[in-house]
Amino acid sequence: MSIDYAGFFSGAIDKLHEERRYRVFLDIERIAGAFPHARAEIDGKTRDIVIWCSNDYLGMGQHPDVIAAARKAVAEHGVGAGGTRNISGTNSAIVALERELADLHGKDHALVFTSGFISNDATISTVARLVPDCLILSDELNHASMIEGVRRAGREKAIFRHNDLAHLEELLKKAGVERPKLIVFESVYSMDGDIAPIHAICDLAERYGAMTYIDEVHAVGMYGPRGAGVAEREGAMERIDIIEGTLAKAFGCLGGYVAADGAIVDAVRSHATGFIFTTALPPVIASAACASVRHLKKSSVERDGQQRQAALTKRQLAARGIPVMVSETHIVPVLVGDPEKAKAASDLLLRRHGLYIQPINFPTVPRGTERLRITPSPLHGDALIEELADAMDQVWKELDLPRRAAAEAAE
């Protein structure tokens, strides 16, 4: 008797199609120096497009200083890292990068991983595992990488309602002051664009004897006088035990990291399998990231420009009745509320107007809140924003999508 293994996989894919959740990747060529303009393969033809959903929030992946650092590093050191840091040794570029990141967050040390997913997964699971009887308290809207870290820790967990301080305190009180606890949460929640009450969470952590772990991946480079994130902007960095960030969004490169005091970082370095058994970032990437971090520590031009263009985008869309969801940050989520219509809107924007905005569907967001997630950068000029607003206005008319009164949107 033969087992139809292929049928298991094709059945899983068929289910995604039935639920309108099957993902199709667009073949895009970024053009150095031209962001947000790019080229894409659409229906067998190469077309010019404008990217409106990149996580390269500040365009630093195209910055001359970052490109120059990468070119110098690849000329001097080649492409690869040669292996894991434990077997093949570290490289000076990563050492320099970790020093910059520790300084950025005002911590003793930092540790670089190959991705933000791995830095969350490896650090949360390792820290909680090393603390006996640790209870993990996790915000219900935490990223999948944090959820995976919580799961792999093998410790008891308690999920608190999103940004709900009363619920968090209830769970902390139930656990008791004597029990070790770890609160894991994000600063900026990327699908809704809202912000955690950092000081209030730290107040509860101090009152009930808990450690704090904050994910700042959508905030590093973007907020604070030196781009260290929302915790820096709020004057809360010293109150956070472990700060996690990424090099792949506002810094425009690749990789993730954590910053904390020396004992925590050394324990993670020595015990986290996701670090020990993964090839290191190559010098070319570490050098480029280091240049980006250094630049954004001293330059607010990019941050200020990005905030200005995000606010303008929200105003232009709201003026046309496009249902922009409430967002305190640079994220501009536009509610559609139906997976098929969200994809139809995305397809029309791309094929008819040359504007790329990927639809966001379940399970990334709850069913019924499907949306388009727009991320304006400082390089999206006023004319591009008006072009986007006009195009979305036409798409909303053609698909007869729900609108919102301008006054209501402004609220």
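The values are calculated or read from the model by the stated rules, or taken from the named source; none is laboratory data. Values in this document were obtained by computation on a predicted structure and should not be read as measured data. Cβ placement follows ideal geometry from the backbone for every residue including glycine, while neighbour counts extend to all protein chains displayed. For the accessible areas, the whole protein counts, side chains as well, though only heavy atoms, and no ligand, DNA or RNA atoms are used. Shrake-Rupley method; radii C 1.70, N 1.55, O 1.52, S 1.80 Å.
Annotations
- Complete set of residues in region 315-330 that are open to solvent by less than 40 Å² (accessible area, probe 1.4 Å), among the β-branched types (Val, Ile, Thr) and at pLDDT below 95: THR329
- LEU350 being in contact (Cβ under 8 Å) with a residue 40 or more places away in the chain, of a type in the set (A, V, I, L, M, F, W, C), out of contact with any helix residue (DSSP H, G or I) (no Cβ under 8 Å at 6 or more places or on another chain) and more than 30 Å from GLY224 (Cβ to Cβ): yes
- Region 51-70: number of residues that are farther than 11 Å from SER377 by Cβ and in a strand (DSSP E or B): 0
- Residues in region 266-284 that are β-branched (Val, Ile, Thr), under 21 Å from VAL131 (Cα atoms) and buried (at least 18 other Cβ atoms within 10 Å of the Cβ): VAL268 only.
- So ALA128, is it touching a residue at least 40 places away in the same chain (Cβ under 8 Å) and surrounded by fewer than 19 Cβ atoms within 10 Å (Cβ to Cβ): no
- From the list SER292, SER287, the one residue that fits, being within 23 Å of ILE87 (Cα to Cα), crowded, with 18+ Cβ neighbours inside 10 Å and touching a residue at least 12 places away in the same chain (Cβ under 8 Å), is SER287.
- The one condition in (1) open to solvent by 10 Å² or more (accessible area, probe 1.4 Å); (2) in contact (Cβ under 8 Å) with a residue 60 or more places away in the chain; (3) among the small types (Gly, Ala, Ser); (4) under 22 Å from GLY106 (Cα atoms) that ALA263 fails to fulfil: (2)
- Scanning region 23-49 for residues that are closer than 15 Å to ARG352 by Cα, part of a strand (DSSP E or B) and touching a residue at least 40 places away in the same chain (Cβ under 8 Å) yields a count of 5.
- Residue in region 139-179 that is farthest from VAL365 (Cα to Cα), counting only those that are acidic (Asp, Glu) and surrounded by fewer than 16 Cβ atoms within 10 Å (Cβ to Cβ): GLU178
- The residues in region 75-92 that are open to solvent by less than 80 Å² (accessible area, probe 1.4 Å) and of a type outside the set (Lys, Arg) can be counted, and the count is 10.
- Against the test of being touching a strand residue (DSSP E or B) at 6+ places or on another chain (Cβ under 7 Å) and surrounded by 15 or more Cβ atoms within 10 Å (Cβ to Cβ), the options ILE49, ILE42, ILE31 yield a single qualifying residue, ILE49.
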